[in-house]
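Enquirer: Take this structure, written in structure tokens, and hold onto it; I'll ask about it next.
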Amino acid sequence: MSEERTAASTLPATAAETSPDNPWPLQLLSQKLKMHIDRAPSAWVEGQVIELNRRGTNAYLTLRDVNAEISLPASVWTNVLDRQVSPLERGSRVVALIKAEFWLKTGRLNMSVKDIRPVGLGDLLARIERLRHALAAEGLFSDARKKRLPMLPHRIGLITGRDSDAKKDVLRNAALRWPAVEFEIREVAVQGNTAVSQMVSALRELDGRPDVDVIVIARGGGSLEDLLPFSSEQLIRAVADAVTPVVSAIGHEADRPILDDVADLRASTPTDAAKRIVPDVAEEFARVRQAREQLRRSATRLVERETDRLSSLRSRPVLASPEAMVATRHDDVERLKSRSHSAITSAVVRAADQLVHLKAQVLALSPQKTLDRGYAVVQLDDGQTAPGTRHEVVRHPSQAPAGIGLTVRVAGGKFTAQSTGGHVPADG
């Protein structure tokens, strides 16, 4: 016993410490693996039964992921299978409670099914509705997120099944409506465990192409299980993240996977999708003809209206007899000239009369006229005036005392005189 404890104490404590010179015994590795695996809890998983074999009290089955190429072998007691209301078959969709087990002696890992339950249509529908409500709460179905389709797409991306009727319906009906339509087709699995990954890959590829203006995901009708990939959360989020508008054309009118809610446009059928993504060339030609006819009528009405307006303008007197306007203005000018001439003549005559009158007044008030009436102007002689002055006018007798020389100016001329003095008052 002491030798075993001594040997154990020399073994590496962890796997990382092992080496070619100091390895673990196989038993120790197996024990540690078993301890680690036994601590792992059981887990409920969902999958599809692709193999089922009964061998006595044991049964062996293989489960495959519903959306990926991954499978897992497992064992189950037959009494667990016998508890099912309806027997499990290949292709059944189930949820199973699986516990990993490690057989110490053989070193074999086994997946033991502790319970298994089939997934019915009701369960699938309930699960789809829960996912639909959760995604709606995130706003992925909001109208504000939806993108408008181009009126005439340059190139249409089509994701559909290989050589499917849906593909033929879309191509045929689109070509009937618009013969020049171009498609970029991606044929993928539209049901089964690889459908989601292939559709997501094709969607991202087409979304990355700048020449693709709209993407159509089309499939004909099918059972609820067949249409489950179109309610996959992975596909729904890929469509929500796409920059290019996406059209959902899945199944028939009654089919409504979650893809219909997140797509920018839902078409009830592949044929309906073809009708809604491209215009009808016959209808467009009819609209062009109608527009041309409307333009022609509008142009005709405009020309007729303007012609009537020109005729109305031409019939006006000013245009019917344009010289009348000139003659009228000529008469006005002549009349104004005559009035101006008369006014000026009258003003000149009045001014001349006034000038004569003023001249007469000036002459009447002039010194010469005063002298003509017998008056005289008496001035001191040059020698008797103050320095710097000449001929000072005598206005008072005191200015002319006796013996002062005077000059007297009368109407006919002037003469000299000598004051004798004396002072007679003015009122005398």
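Enquirer: Please work out if V326 is part of a helix (DSSP H, G or I), at pLDDT below 90 and among the aliphatic types (A, V, I, L, M).
Expert: yes
Enquirer: Scan segment 212-258 for residues that are in contact (Cβ under 8 Å) with a residue 40 or more places away in the chain, of a type in the set (D, E, K, R) and over 19 Å from V170 (Cα atoms) and report the count.
Expert: 3
Enquirer: Would you check if D143 is in contact with a strand residue (DSSP E or B) (Cβ under 8 Å, 6 or more places away or on another chain) and charged (D, E, K, R)?
Expert: no
Enquirer: Considering segment 63-86 alone, what residues qualify as being within 50 Å of the chain's Cα centre (by Cα) and outside any strand (DSSP E or B)?
Expert: D65, V66, N67, A68, E69, I70
Enquirer: Of all residues in segment 390-406, which are under 15 Å from Y375 (Cβ atoms) and surrounded by 13 or more Cβ atoms within 10 Å (Cβ to Cβ)?
Expert: V394
Enquirer: Sticking with this structure for a sec: State all residues of segment 201-232 that are in contact with a Leu (Cβ under 6 Å, 6 or more places away or on another chain) and assigned to a helix (DSSP H, G or I); if no residue qualifies, say none.
Expert: Scanning segment 201-232 gives a single hit, F230.
Enquirer: Evaluate segment 162-184: report whether one residue or more is touching an Asp or Glu at 6+ places or on another chain (Cβ under 7 Å), polar (S, T, N, Q) and under 30 Å from E46 (Cβ atoms).
Expert: No, the conditions are met nowhere in segment 162-184.
Enquirer: Out of D211, D226, D261, report the one residue that is under 27 Å from R64 (Cβ atoms) and modelled with pLDDT under 95.
Expert: Matching residue, one of D211, D226, D261: D226.
Enquirer: Name, by its number, the condition in (1) in contact with a Pro (Cβ under 6 Å, 6 or more places away or on another chain); (2) modelled with pLDDT of 85 or more that does not hold for H423.
Expert: Condition (2) is where H423 drops out.
Enquirer: May I ask you to list the residues in segment 64-91 that are within 14 Å of P118 (Cβ to Cβ), at pLDDT below 90 and either not small (G, A, S) or not assigned by TED's automatic domain parsing to the domain that holds L109 (or both)?
Expert: V66, V80, L81, D82, R83, Q84, V85, P87, L88, E89, R90
Enquirer: Select from segment 285-319 the residues that are loosely packed, with under 10 Cβ neighbours inside 10 Å and among the small types (G, A, S) and write down the one among them that is nearest to the chain's Cα centre (by Cα).
Expert: Filtering segment 285-319 for residues that are loosely packed, with under 10 Cβ neighbours inside 10 Å and among the small types (G, A, S), the one nearest to the chain's Cα centre (by Cα) comes out as S311.
Enquirer: Within segment 81-94, can you find the residues that are of a type outside the set (S, T, Y) and buried (at least 16 other Cβ atoms within 10 Å of the Cβ)?
Expert: Residues satisfying the conditions are L81, L88, R93, V94.
Enquirer: Here's something else I'd like to know. Counting just the residues of segment 151-191 that are in a loop (DSSP other than H, G, I, E, B) and among the polar types (S, T, N, Q), which one comes out nearest to A286 (Cα to Cα)?
Expert: S164
Enquirer: Still on this structure, I have one more. Only one of L227, L152 is aliphatic (A, V, I, L, M) and farther than 19 Å from Q48 by Cβ; which?
Expert: Selected residue: L152, the only one of L227, L152 that is aliphatic (A, V, I, L, M) and farther than 19 Å from Q48 by Cβ.
The values are calculated or read from the model by the stated rules, or taken from the named source; none is laboratory data. Worth saying up front: this structure is predicted, and the values here are computed from it rather than measured. All Cβ positions, even for glycine, are placed from backbone atoms using ideal geometry, and neighbour counts span all protein chains on display.
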